[in-house]
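Below is one structure, written out as structure tokens; the observations come after it.
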Amino acid sequence: MLFGGGEIDAELSFTGLDAATFGNQVDVQVQRTQFTGQEGFAGQPPVILSTRVALDGSGGGTITVPNGDPMDAYRVIITPAVESAPVVDAAWQTRVEAEATTLAGGASVTSLATNAQATSGFKDVRGFSNAGASATWTVDVPRDGTYLLGIQYGTNDRPDGTNMKSGRHALFVDGAFEDLVQYTSTLSVTYKGRVEVPVTLTAGTHALSLRASQDGTTALPGSNIALDRFDLTEATTAEKSTYPANLARLSGDATVSWGAGSFGGHVTLGADGQAAFYLGAAEDGYYDLTVEYETTEAVDLGVELNDRELSGIGADASGRWQTTATVHVARGIQELTVAGEGVKVRGVTLVRNVEADARVVTIQAEDPSVTRSAGTTVETPGATYGSNVQGQYVGWLTAGRTLTIPRPADTEAGQYNFLVHFGNASRNTTHPYNTDGISRRATITEVGGDHSATGYFRYNYSYFNFWWQNVPLDLTTDDGALVVGNPTGDAPNIDAFQLAPLVGALVTERLDPDTVKPVATLVTPTTNGPFRTLDLRVEATDDRGLQRVVANIYKDGTLVKSTQTAAEGKRAATHAATVTLPDGAYTIRYNASDLAGNVAKTGTFDVTIDTTPPTATIKDGASFTVKTGETYDLISFKLHDAGKIDKVVLNGKTKDLTDNVWSDVNFLTPPTFGAVKGENTLVVFDVAGNSRTYTFTLN
Ligand SMILES: [Ca+2]
Ligand SMILES: [Ca+2]
Ligand SMILES: [Ca+2]
Ligand SMILES: [Ca+2]
């Protein structure tokens, strides 16, 4: 239900809600939007009231809507009760009529007929051509933070008969100058616009004051503004709005579920199903657009923002997901459509991302890098207009004349928004009650590109009053210059351009928790040793993403060495390490953890380290060894290694031995086992690969 505001609280009664659809209780939420002047913008109406109502026997109930301003409007939404009732999300706000503030220095109240163009309270405050004029009021704010001072106003003077002045005021806080307020032109003093100024305030009481002059003696250019109403709204956190799918505009095969649970309340889309969301953005710039959805298999969602495809939104498996695309939008309402067969869509969130605005490239029309056709002019508005021009602007961009903008760095082919800061005061006649404005046109082409875009630039009351207008632009070359002009008529005056990639970043994340442990496998070693050094290799896998793979080494239950490898979220990872340890028996304990902190079942494996070479001693007894002087007729060795003897190599010839702690090489005399007359070299190896070398001479 939609209804307009009034002066007193409104009782809203309803009846006949079918129990088969609604059950025996309903959630009722009341959203309120406020009048922002004819030129202002209001985003998603905040929820000011959320209540659960038990239905009476006829499927009815009653709520009371708080209602104090005839210029507000309300939307009441009644749904089956959901798991968690809609939350009241209206920011703290205080409103003051300008005519209720303390006026000084020639500022005075003007009363308007109730059938005059909309002015809040049918009164505004004028007289700001006087340098001393001021409107001062007190606010009591609940918290330290940033507040947006919304000023509803009208501009007043059209000195040349064509161009409405813009204008400036000085904002003072607690008697100290805070900021200049830059207004843009409106149609007339009773046709209101709105400007919002951020103000940082501490909790408590403050005096806000709008003044015609900053220095108290000289009126600011265009200060003759009519002030209508002041709204101070808390804005410490980034602008954010949330759009549940079950309140979206649905078409095709789409089924609404109210349901229970954290994902209760969603829309299931069929093959041709689509959910359309209408998103409010208060500023030109980047926003994080998050889509929450559930899939039963890998799927790419079909998502379009203002009829432009946003590719890459989707999941590679079943589960609950959110994809956040950082997108550039122009101030106003955006249409977002979401499709995907079998996908459950929970909703969409839009959050301002000011940091991402670093991606926006601004080019002044008067910049020397811009090539201008002969006949175009670079001009400065007269100071008295209080224009919001950035430096200078370009005029006389008549039929066939162009501005050619060199392609900014790092703007390769892709989807862009191209914004034009334009001024246009073309009118058909100056009719008393019709605007009779004429929109101007400009075509944007890309040198070497294969298509163009046309922007339409409305009448905005002055050739010196600049507003941003977006022209969606797909660029097909990486460096083609941009050419702006109207082939057949007048383009608007142009102050500046902005070029912004449509999509700045795109991230898909899981929403459902990861409860599946990784699996870790010991690939090396495959035997218990003994080893001279320990070569470890552990392989791990996880269904979503690994944090790290770990192998720890214990001796007698005590940790002696910890080794690990960070896995950086990969689904498969290997940890390899070479560890040096003193001789002894050890246990490897190995596992892996995933990004959610799940830990694999820990495996164990026992190993022995042996770094001590074997020994060989010459056997006594004539049957084994016969020594003549320093040389031998016959020689035998007793071999020993705690980690077992593996083999001997005599003069390069290997003799394998049974792996034992004690072993023998007996009766060496040429040519037994490769023994030779003269010097012989015997190398004794243990199982771990340690060796010791002996030399002896045979006769
Ligand atoms: Ca007013
Ligand atoms: Ca400029
Ligand atoms: Ca896992
Ligand atoms: Ca050894």
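General observations
- Of the residues in the range 462-478, none is hydroxyl-bearing (Ser, Thr, Tyr), free of Cβ contacts under 8 Å to residues at least 24 places away in the same chain and assigned by TED's automatic domain parsing to the domain that holds THR377.
- Scanning the range 580-598 for residues that are over 30 Å from GLY643 (Cβ atoms) and within 16 Å of ligand 4 (Cβ to nearest atom) yields nothing.
- Residues within the range 150-162 that are surrounded by fewer than 23 Cβ atoms within 10 Å (Cβ to Cβ) and under 16 Å from LEU180 (Cα atoms), tallied: 1
- Among the residues of the range 366-399, those that are within 20 Å of PRO221 (Cβ to Cβ) and more than 13 Å from ligand 2 (Cβ to nearest atom) comprise GLY382, ALA383, THR384, TYR385, GLY386.
- Residue that is nearest to the chain's Cα centre (by Cα) [pool: residues in the range 663-693 that are in contact (Cβ under 8 Å) with a residue 60 or more places away in the chain and surrounded by fewer than 17 Cβ atoms within 10 Å (Cβ to Cβ)]: GLY689
- Looking only at the range 468-495, and only at residues there that are under 27 Å from the mean Cα position of the chain (by Cα) and outside any loop (DSSP other than H, G, I, E, B), the one that is nearest to ligand 1 (Cβ to nearest atom): TRP468
- Selected residue [more than 16 Å from ligand 4 (Cβ to nearest atom), at pLDDT 95 or above, closer than 30 Å to LEU310 by Cα and touching a Lys or Arg at 6+ places or on another chain (Cβ under 8 Å)] from GLN415, GLN364: GLN415
- Test for ASP535: is it free of Cβ contacts under 8 Å to residues at least 40 places away in the same chain and surrounded by fewer than 15 Cβ atoms within 10 Å (Cβ to Cβ): no
- Residue ID - farthest from ligand 3 (Cβ to nearest atom), chosen from residues in the range 349-378 that are touching a Phe, Trp or Tyr at 6+ places or on another chain (Cβ under 6 Å) and not in a loop (DSSP other than H, G, I, E, B): THR377
- Tabulated pairs, the range 120-137, first in a strand (DSSP E or B), second near ligand 1 (Cβ under 7 Å from one of its atoms) and not small (Gly, Ala, Ser), C-beta under 6 angstrom, 6+ apart or interchain: LYS123/GLU99; ASP124/ASP228; VAL125/GLU99
- Selection from the range 300-356 of residues that are polar (S, T, N, Q) and touching a Ser or Thr at 6+ places or on another chain (Cβ under 7 Å): SER318, GLN322, THR323, THR324, THR349, ASN353
- Taken together, LEU49, LEU103 contain a single residue that is crowded, with 18+ Cβ neighbours inside 10 Å and over 29 Å from THR237 (Cα atoms), which is LEU103.
- Enumerated strands (runs of 3 or more DSSP E) restricted to the range 157-218, each holding at least 3 residues that are without any contact (Cβ under 8 Å) to a residue 24 or more places away in the chain and under 23 Å from THR94 (Cβ atoms): 176-182
- Yes/no for ARG126 being away from ligand 2 (no atom under 16 Å from the Cβ) and either in contact with a His (Cβ under 7 Å, 6 or more places away or on another chain) or closer than 21 Å to LEU187 by Cα (or both): yes
Conditions tested, residue by residue: (1) away from ligand 1 (no atom under 16 Å from the Cβ); (2) without any contact (Cβ under 8 Å) to a residue 60 or more places away in the chain.
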{"residue": "ILE63", "(1), (2)": "yes, yes"}
{"residue": "PRO66", "(1), (2)": "yes, yes"}
{"residue": "MET71", "(1), (2)": "no, no"}
{"residue": "ARG75", "(1), (2)": "yes, no"}
{"residue": "ALA85", "(1), (2)": "yes, yes"}
{"residue": "ALA90", "(1), (2)": "yes, yes"}
{"residue": "THR94", "(1), (2)": "no, no"}
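- ASP56 being of a type in the set (Asp, Glu), at pLDDT 95 or above and part of a loop (DSSP other than H, G, I, E, B): yes
- Being part of a loop (DSSP other than H, G, I, E, B), closer than 28 Å to TYR459 by Cα and either without any contact (Cβ under 8 Å) to a residue 60 or more places away in the chain or within 16 Å of ligand 2 (Cβ to nearest atom) (or both) is a property that holds for ALA113.
- Answer from THR255, THR236 - the residue that is surrounded by fewer than 17 Cβ atoms within 10 Å (Cβ to Cβ), in a loop (DSSP other than H, G, I, E, B) and at pLDDT 90 or above: THR236
- Taking the criterion of being of a type in the set (Asp, Glu), within 16 Å of ligand 4 (Cβ to nearest atom) and either surrounded by fewer than 20 Cβ atoms within 10 Å (Cβ to Cβ) or modelled with pLDDT under 95 (or both), the only residue of the range 636-662 that qualifies is ASP659.
The values are calculated or read from the model by the stated rules, or taken from the named source; none is laboratory data. No experiment lies behind these values; they were computed from the predicted model shown. Here Cβ is always computed from backbone atoms with ideal geometry, including for glycine, and neighbour counts include all displayed protein chains.
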